[in-house]
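Note sheet for the following structure.
Read-outs: derived from the displayed coordinates by stated rules, not from any lab. Remember, it's a predicted structure, so these values are computed and weren't measured experimentally. As a convention, Cβ positions derive from the backbone with ideal geometry for all residues, glycine included, and neighbour counts pool all protein chains shown.
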Amino acid sequence: MDIKKLLLGSIAGGITTYLLGWVIYGMLLMDFMDSHTGVAGIISRPEPDQLYLVLGNLAMGLMFT
């Protein structure tokens, strides 16, 4: 496998895992996550740092490829 195919597959896999994570946790399970906060229910969660999410999903795409 050449490096071009590896990079294209990694980027495609990273985008796919990012979008699937957004759909699953951001849309489908949003109400469940809000209602099941546990003991720390009074603590508001800050927005996640998108840079680390993108880098992690690109790494996951590389591992899938």
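Points to keep in mind about this one:
- Condition check for Ser35: without any contact (Cβ under 8 Å) to a residue 60 or more places away in the chain, polar (S, T, N, Q), out of contact with any strand residue (DSSP E or B) (no Cβ under 7 Å at 6 or more places or on another chain) and loosely packed, with under 10 Cβ neighbours inside 10 Å: yes
- Residue in the range 45-58 that is of a type in the set (Phe, Trp, Tyr) and surrounded by 12 or more Cβ atoms within 10 Å (Cβ to Cβ) present: no
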